[in-house]
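Enquirer: First, the structure itself, so that you have it in front of you.
The values are calculated or read from the model by the stated rules, or taken from the named source; none is laboratory data. What you see is a predicted model; the values in this text were computed from it and never measured. With ideal geometry, Cβ positions are generated from the backbone for all residues, glycine too; neighbour counts draw on all protein chains shown.
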Amino acid sequence: MNLIIRRETAVDTPKVYAVEAAAFGRPAEAELVQKLQQSVVNTISLVALLGNDLVGHILFSPVTVKSEAGEFTAVALGPVAVDPSHQNKGIGAELCRQGIEACRKAGYELAFVLGHPTYYPRFGFAPSAPHGLYCQFEVPEEVFMVLELVPGALRGKRGTVYYHALFSGV
């Protein structure tokens, strides 16, 4: 498999939409990605290519963590999508690995994910509730996870994680 992961470009937009919609079986995530990219939100967006075919996409967007002590910015993974005909081949995992590294290079200290509790721990994500970090959405604690992108970044961090308002529509 000759997989290439790179930053998304404007020419990729229609293919990203198609992959997101196919992977989730509905347009909601694809529309979210499109709206975030059309807004002023500073996202990290990577695509996976097999030859000339765009087969995967991952998006990281800023989140705000608020508490009585103040607030800080982190990043959240999601959505990540792989075309159904290319799933279970490690493409999503490679997108996650390279996306996490891109977030480190961008200077983020923490990453959050709202996702499957048996998939994301392989990348270092762990439940966030034991660290005093909670999702703004009502979700089971085991599906909301955090990853230190910088060792020690969790020290003293507490609060509620707020996604961009566009996430409320998904």
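Enquirer: With the requirement that a residue be surrounded by 15 or more Cβ atoms within 10 Å (Cβ to Cβ) and either within 24 Å of Gly92 (Cα to Cα) or within 19 Å of the chain's Cα centre (by Cα) (or both), what does region 144-159 give you? Reasoning before the result, please.
Expert: The first filter runs over region 144-159 and keeps only residues surrounded by 15 or more Cβ atoms within 10 Å (Cβ to Cβ), leaving 144-149, 153-154, 157, 159.
Matches in region 144-159: Phe144, Met145, Val146, Leu147, Glu148, Leu149, Ala153, Leu154.
Enquirer: While we're on this one: Can you name every residue in region 75-102 that is under 24 Å from Leu154 (Cβ atoms) and of a type in the set (Lys, Arg)?
Expert: Arg97
Enquirer: Let me ask something else. Among the residues of region 50-67, which ones are small (Gly, Ala, Ser) and closer than 21 Å to Arg6 by Cβ?
Expert: Of the residues in region 50-67, the ones small (Gly, Ala, Ser) are 51, 56, 61, 67.
Gly51, Gly56, Ser61 - these are the residues of region 50-67 that are small (Gly, Ala, Ser) and closer than 21 Å to Arg6 by Cβ.
Enquirer: Could you identify the single residue in Lys89, Lys66 that is basic (Lys, Arg) and either within 15 Å of the chain's Cα centre (by Cα) or under 25 Å from Leu36 (Cα atoms) (or both)?
Expert: Unique residue meeting the criteria: Lys66.
Enquirer: Residues in region 35-52 that are surrounded by fewer than 19 Cβ atoms within 10 Å (Cβ to Cβ) and part of a strand (DSSP E or B): how many?
Expert: The total comes to 2.
Enquirer: In this structure, does Val146 turn out to be touching a Gly at 6+ places or on another chain (Cβ under 7 Å), within 24 Å of Ser67 (Cβ to Cβ) and assigned to a strand (DSSP E or B)?
Expert: Details: touching a Gly at 6+ places or on another chain (Cβ under 7 Å): no; within 24 Å of Ser67 (Cβ to Cβ): yes; assigned to a strand (DSSP E or B): yes.
Taking the combined requirement at face value, the residue does not satisfy it.
Enquirer: Now a separate question. Among the residues of region 22-34, which ones are buried (at least 20 other Cβ atoms within 10 Å of the Cβ) and more than 14 Å from Ser85 (Cβ to Cβ)? Steps first, please.
Expert: The first filter runs over region 22-34 and keeps only residues buried (at least 20 other Cβ atoms within 10 Å of the Cβ), leaving 23, 29-30, 32-33.
Glu29, Ala30, Leu32, Val33, listed by residue number.
Enquirer: Right, here's the next one. Does any residue of region 93-112 turn out to be part of a loop (DSSP other than H, G, I, E, B), surrounded by 14 or more Cβ atoms within 10 Å (Cβ to Cβ) and in contact (Cβ under 8 Å) with a residue 24 or more places away in the chain? Steps first, please.
Expert: Step one: of region 93-112, the residues part of a loop (DSSP other than H, G, I, E, B) are 106-109.
Imposing the further condition that a residue be surrounded by 14 or more Cβ atoms within 10 Å (Cβ to Cβ) reduces the set to 108-109.
Now drop any that are not in contact (Cβ under 8 Å) with a residue 24 or more places away in the chain, which leaves 108-109.
Yes: one or more hits.
Enquirer: When you scan region 53-90, how many residues do you find that are closer than 23 Å to Gly25 by Cα, not charged (D, E, K, R) and not in a strand (DSSP E or B)? Full working, then the answer.
Expert: Keep residues of region 53-90 that are closer than 23 Å to Gly25 by Cα, which gives 53-61, 76-90.
Checking which are not charged (D, E, K, R) leaves us with 54-61, 76-82, 84-88, 90.
Checking which are not in a strand (DSSP E or B) leaves us with 84-88, 90.
Within region 53-90, residues that are closer than 23 Å to Gly25 by Cα, not charged (D, E, K, R) and not in a strand (DSSP E or B) number 6.
Enquirer: From the list Val47, Val63, Val55, which residue is aliphatic (A, V, I, L, M) and under 17 Å from Tyr163 (Cα atoms)?
Expert: The match here is Val63.
Enquirer: Looking at region 92-119, which of its residues are polar (S, T, N, Q) and over 12 Å from the mean Cα position of the chain (by Cα)?
Expert: First pass over region 92-119, keeping only residues polar (S, T, N, Q): 98, 118.
Thr118 - this is the single residue of region 92-119 that is polar (S, T, N, Q) and over 12 Å from the mean Cα position of the chain (by Cα).
Enquirer: Taking only pairs six or more apart or across chains, which ones have beta-carbon atoms under 6 Å, a first residue in region 44-61 that is more than 14 Å from Ala93 (Cα to Cα) and modelled with pLDDT of 95 or more, and a second residue that is of a type in the set (Gly, Ala, Ser) and not in a strand (DSSP E or B)?
Expert: Ile44/Ala102; Phe60/Gly99
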